[in-house]
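Below is one structure, written out as structure tokens; the observations come after it.
Just so it is clear, none of the values below were taken in a lab; they were calculated from the coordinates. Remember, it's a predicted structure, so these values are computed and weren't measured experimentally. Glycine gets a Cβ as well: all are built from the backbone with ideal geometry, and neighbour counts include every protein chain shown.
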Amino acid sequence: MNNQQFPNDLLRRHKAINEKLKKFKRVLFKRFGPNVSDISEEFNQLAIEFKNASLLEYAGLSWQNAAECEHIIGLFEKLLPPVERFFFIFYLMILENFCAEVDFLLKAARSYHEADTKLERLCIRSNDNSFIDSSLQCYNNAINLLPDDSPMKAAVIKEMLKVKPSVEVSSGFASPPHKIHDLAAAANEFMRTKDYKSALDKLDEIIDDVRERNVQHFYVDVIRRNEISRVLLLLLLELPPTRLTESHKNLMDKFTTIPPDYLFAEQLHLSKELFFCLSEIVLACRKSKLSEIVEILDRLFRFKTLETEHYLILKELNKKYDQ
């Protein structure tokens, strides 16, 4: 390709292939059906060339166009005469187009996300999040094509949440473990952006969900991690009594009971030392003993069994009280 024509040549080719698709959609006769496969393949090849040329947004657009072609082919094949001896062949054809459509949508989503990441690396930012929006649209379209109970759907949702953890998933996928994963990811994102009240709300949802289904024994690690995060967030936020839920009050009581509720610690698989230290910080915060709070925080930082999110909240508590 002549350097002077790059990337105009690729863009002209995209426009020409797009015109073929538009022409097909205007006519919509069955005899045009096979041509759509050719158009789909042309879009796919063009997307690869765009990607190799680092024109990632155009690669995403081309794969999106290829997915549209596969969708049209799938519709046509569903309308084919239901001749019994050919039924299995038709089923395989539809399945093949369905898989191709999902594959192209995922390639488009990833390419749009890479385009956005590229802009970020170049420090080119604006209020226009069109690449991320396009990426999320492609992910959602792929999710809506997949069966609700499929592992593939779960994997695609997890991938999409890495692009934007706080996004609402337009899906009927309701696997309890997946729901907990989504809530935890959202809570971590809220903590990263210092929206601690929203993070607490997400952690509350996880605890409520586990308790409502009475499956605490399956989620001991999740409950331990979340209960430590919740008690630290409650200390950080200092919510007025009117905004504390029964769950919040019960949790704080567990750490202030005299004598200490070591049964609660055993249920969470918390060491007595960590449980005692958390109880101390709760009591010290209630009495506003600043010197004690700072000293206990220093001890908490030394526990190697805490999670990254716990250290993040401890740092915020330290900033708050180490004046």
- Message: Give the aspartates and glutamates whose C-alpha is closer than 16 Å to that of Lys287, dropping any in the same chain fewer than 8 places away, or say none.
- Response: Glu238, Asp253, Glu295, Asp322
- Query: When you count, for each residue, the other Cβ atoms within 10 Å and take the mean per peptide, how do 195-202, 41-48 rank with the highest first?
  - Reply: 41-48, 195-202
- Item | Which of Ile296, Leu237, Leu263, positive extreme of dipole for region 198-323 (C-beta unit charges) | Ile296
- Item | Rough spin-label spacing in nm, given labels placed 7 Å along Cα→Cβ, for Tyr262 and Arg121 | 5.5
- Query: Using the 10 angstrom Cβ neighbour count as an exposure proxy, how do Cys285, Cys123 rank, fewest first?
  - Reply: Cys123, Cys285
- Query: Counting other Cβ atoms within 10 Å of each Cβ, which trypsin sites (Lys or Arg not before Pro) in region 255-288 have at most 12 and sit in a DSSP loop?
  - Reply: Lys287
- Message: How much length would be gained if the chain were fully extended between Gln137 and Arg192, taking 0.36 nm per residue of separation minus their Cα-Cα distance, in nm to one decimal?
- Response: 17.3 nm
